């Protein structure tokens, strides 16, 4: 069972949880997205969002882990729709030159995402990192991960940002 946002705010694992005025409908109306893209996104359960104006450079793109993580999610969650929010053929990866792991920005929508729970997706994020980078339990404290998750419930959007050791990502949602 998923924990409430209020319960999660009490934890201190490099996680920041707050209400936000981010509006997916406004995001969908950006001129850079064509009608085909907008229509496809309306039916997705999980959207992988690009970073806009990355480091104030004007560049838009997805974090390096986005494509591989989408494949991983699709293998684990074959019954749901997981889509990049980008025009077909315009995918651009942001190259970050650090040892940190930058997970894709996820927007959880639809009944599936709200019913299964954010904690499930975050646990899959942790599993993905540990398996892809072959990180032992002892190494989890020295590897840094960054993750952003958006959820929407009752017309209220919440953003969950995590910056910290991989071990903390696994611990945030445990009872």
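Taking the criterion of being modelled with pLDDT under 85 and within 23 Å of residue 166 (Cα to Cα), the residues of the range 82-112 that qualify are 93, 94, 95, 96, 97, 98, 99. In this structure, does residue 54 turn out to be under 24 Å from residue 129 (Cα atoms), modelled with pLDDT under 70 and touching a strand residue (DSSP E or B) at 6+ places or on another chain (Cβ under 9 Å)? It is true that residue 54 is under 24 Å from residue 129 (Cα atoms), modelled with pLDDT under 70 and touching a strand residue (DSSP E or B) at 6+ places or on another chain (Cβ under 9 Å).
The values are calculated or read from the model by the stated rules, or taken from the named source; none is laboratory data. This structure is a prediction, so every number in the text was calculated from the model and none was measured. So basically every Cβ, Gly included, is an ideal-geometry build from the backbone, and we count neighbours across all protein chains shown.
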